[in-house]
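Rule-based calculations on the coordinates, nothing more; no lab input. This structure is a prediction, so every number in the text was calculated from the model and none was measured. Note that each Cβ is placed from the backbone with ideal geometry, even for glycine, and that neighbours are counted across all protein chains shown.
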Amino acid sequence: MSFFKRDRTQTDDEFIDVAGTESVREGQMLTVEVQKRKIILTRHAERVYAIDTICPHAAADLSKGSLRSWQICCHEHDYCFDIRTGRIVWPEDEVYRLRRFEVKEENGRVLVRLSTV
């Protein structure tokens with residue numbers, strides 16, 4: 001039934017070129033739009049991470065939050081997540097998990113796979 005069929009030029013399992021490696025800087029957030037989905041790119045300890053802009057706690061925009069080393073904190077309720085694992089850092093008794101995406105760097109470009117890690 002074609003009613004539920006997704007119309008995409010690329011599948012979620014393919015890597016998509018989203019930015020130049022030089023534009024993803026250590027300790028800074030770069031927001032990109034990929035197939036109508038906003039993703040935050042950041043570099044920590046020479047590795048690029050790609051995370052969803054939507055906070056899993058209250059759907060706030062994480063790109064308006066703050067980035068401290070490997071932690072991203074939501075500006076609305078101060079929930080903090082580890083960009084390396086997606087696990088919540090604060091408050092410790094919560095079970096929310098940050099959506100992360102697989103990233104690779106090739107030929108000076110950052111490529112992201114939209115299927116979650």
Test: residue in region 106-117 that is β-branched (Val, Ile, Thr) and over 13 Å from the mean Cα position of the chain (by Cα): no
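Quick check on my filter: what residues within region 48-89 are of a type in the set (Gly, Ala, Ser) and within 19 Å of LEU30 (Cβ to Cβ)?
Residues of region 48-89 of a type in the set (Gly, Ala, Ser): 50, 58-60, 63, 65-66, 69, 86.
Within region 48-89, ALA50, ALA60, SER63, GLY65, SER66, SER69, GLY86 qualify.
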Residue within region 36-54 that is surrounded by 19 or more Cβ atoms within 10 Å (Cβ to Cβ), free of Cβ contacts under 8 Å to residues at least 40 places away in the same chain and among the small types (Gly, Ala, Ser) present: no
Residue list for region 92-117, filter: assigned to a loop (DSSP other than H, G, I, E, B) and under 27 Å from ASP78 (Cα atoms): GLU92, ASP93, GLU94, VAL95, TYR96, LEU98, ARG99, VAL117
Condition check for TYR96: of a type in the set (Ser, Thr, Tyr), crowded, with 17+ Cβ neighbours inside 10 Å, more than 10 Å from the chain's Cα centre (by Cα) and over 15 Å from VAL24 (Cβ atoms): no
Conditions (1) surrounded by fewer than 20 Cβ atoms within 10 Å (Cβ to Cβ); (2) over 9 Å from the mean Cα position of the chain (by Cα); (3) not hydroxyl-bearing (Ser, Thr, Tyr); number of the one not met by VAL18: (1)
Tabulated pairs, region 82-98, first aromatic (Phe, Trp, Tyr), second surrounded by 13 or more Cβ atoms within 10 Å (Cβ to Cβ) and in a strand (DSSP E or B), C-beta under 8 angstrom, 6+ apart or interchain: TRP90/CYS73; TRP90/CYS80; TYR96/PHE81; TYR96/ILE88
Total residues in region 55-81, condition in contact (Cβ under 8 Å) with a residue 40 or more places away in the chain and surrounded by fewer than 16 Cβ atoms within 10 Å (Cβ to Cβ): 1
